[in-house]
1. For the range 156-242, what's the radius of gyration and Dmax over Cα atoms, in angstrom?
2. Among Ala386, Ala305, Ala286, which one shows the highest mean-square fluctuation when the chain is modelled as a Gaussian network with alpha-carbon springs under 10 Å?
3. For His264, what charge total do you get from the other residues with a beta carbon under 15 Å from its beta carbon, if Lys and Arg give +1 and Asp and Glu give -1?
4. Can you tell me the orientation of helix 12-21 relative to the chain, as the angle in degrees between its alpha-carbon axis and the longest Cα principal axis, to the nearest 10?
5. So what are the ³J(HN,Hα) numbers for the range 403-419, from phi and the Karplus equation (6.51, -1.76, 1.60; θ = phi - 60°), rounded to whole Hz, Gly and Pro as x?
6. Would you mind ranking Thr249, Thr267 so that the residue whose beta carbon has the fewest other beta carbons within 10 Å leads the list?
7. Pulled fully out, how much extra length does the chain show between Lys344 and Asp373, if you take 0.36 nm times their separation in residues and subtract their Cα-Cα distance?
8. Fewest to most neighbouring Cβ within 10 Å: what's the order for Arg166, Arg353?
Amino acid sequence: MGLGSYRSPVTTSRRDASARRGFLPTVSASGAIGRYNPSMRPNVLRALESEDRIPFVDLTPANAAVKARILDRIAQTIDTGDFVNGAAVRQFELAFADRTGCHHCVGVSSGLDALRLSLEATGLERGDCVVVPAATFAATFEAVLQADGLPVVVDVNDDDYTLDVRQTQDAAASASHLVPVHLYGQMADMRALAGVARANEVTILEDACQAHGASRDGIGPGGLARSAAFSFYPSKNLGAMGDAGALVTDDGSLADRVRALRSHGETDKYHHEYVGYTARLDTLQAIVLLEKLPLLEKWNGQRGAAAAYYMEALAGLDGLRLPRQAEGSAPVWHLFVVRVSEPKRFAAFLANRGIETGRHYPQPPHLSPAYRDLGFGPGDFPVAEALAREGVSLPLYPGIGEAQLERVCDAVVAYVREL
Ligand SMILES: Cc1ncc(COP(=O)(O)O)c(C=O)c1O
């Protein structure tokens, strides 16, 4: 769903109004918004200050909404013993396929497995070249190498930090697969990339691990690719309470093959058609995901509203670069990454005001020791490297309150004024 359909919860005039009223907004550890009065005793103030920390991510508001129902269903599962490939797995797969508009969903144990098994099941052969973006989480590279492919790294564009289409065109000629990553919840230009893939007879597998519910040109993950891989790591837009993942596809034979690969390569009980893995979606995690899925749209809306707040309150500040959004793109704001020239100083400045931030990701995979053998060095992918050097993620999660957003913005404004 599009960001355009959300309204920012707060206007600048309300920010001014809180200042005029002369009291400071506070946030309790549980995320509830309260206010304190300057006449309070200092020891009370100190206690409030320690509660006043704004976490980078707080899963408690979202989890609280589903906790009771999850506990009930887990209790039932303990009674029935339906632990592996239990009914909830299939139910979640059907619900998630429906949510993404794809014919099939196969639940697996992580986003990494969704990517790796998709690569294997779509015929990747040893040494085949797979185009991946330089700005991503390491798992995109891991999946390719674990499937015996060779990552062909392409820089990202300087707007939404997804695969640069022109450079992808050059790299695709020698590749068997393209793996666009929808970084921070914004989709890559899938229409253009699908054209590149068609022209070069290359298979596209989307890394949608940060993009549950995102779309571009009205099309979501899985719409223009052979499959899309999702992670349900707890802090994702749709998060389990442990590790979990899934892929969606319209290709029934690909779904069947991944279904076999996730469970020892079995196509029938004790008939091992492939060398497989133990990579199933855990039943207890499927229960969590089933309960959370109906709330995804609402939570994405809250993320969108928080992002809109930041965009409005932080617009036009010198020394701070805000995220950019491509035309037709409806991001789901998994992360809200701003850029500053001295990210450590910026993070310390906010930390001094009780505000936690994140770095996603300070070391791009091509400069990480694990991928040294690929032979890349500093300067090879300048856009991704600049993002890694300068990017800082601001607090953003469903349930983040107006007072918290206001405090983050006030701190950011104070930082840039000091520059
Ligand atoms: C872009 C991207 N790809 C892949 C993954 C891997 O997912 P998982 O941690 O579930 O294996 C992640 C998870 O953080 C991710 O952000």
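Read-outs throughout are calculated quantities, based only on the coordinates presented, and are distinct from any laboratory measurement. These numbers were taken from a predicted model, which means no experiment stands behind them. Ideal geometry is used to build each Cβ from the backbone, glycine not excepted, and the neighbour counts take in all protein chains shown.
1. 12.9, 41
2. Among Ala386, Ala305, Ala286, the largest GNM mean-square fluctuation belongs to Ala386.
3. Surrounding charge for His264 is -1.
4. The helix 12-21 is inclined about 40 degrees to the chain.
5. 5, 5, 4, 5, 5, 4, 5, 4, 5, 5, 4, 4, 4, 5, 5, 7, 5
6. Lowest count first: Thr267, Thr249.
7. On the way: separation 29, 0.36 × 29 = 10.44 nm, distance 2.92 nm.
Here the segment from Lys344 to Asp373 would lengthen by 7.5 nm.
8. Values: Arg166 11, Arg353 16.
Final ranking by Cβ density, sparse to dense: Arg166, Arg353.
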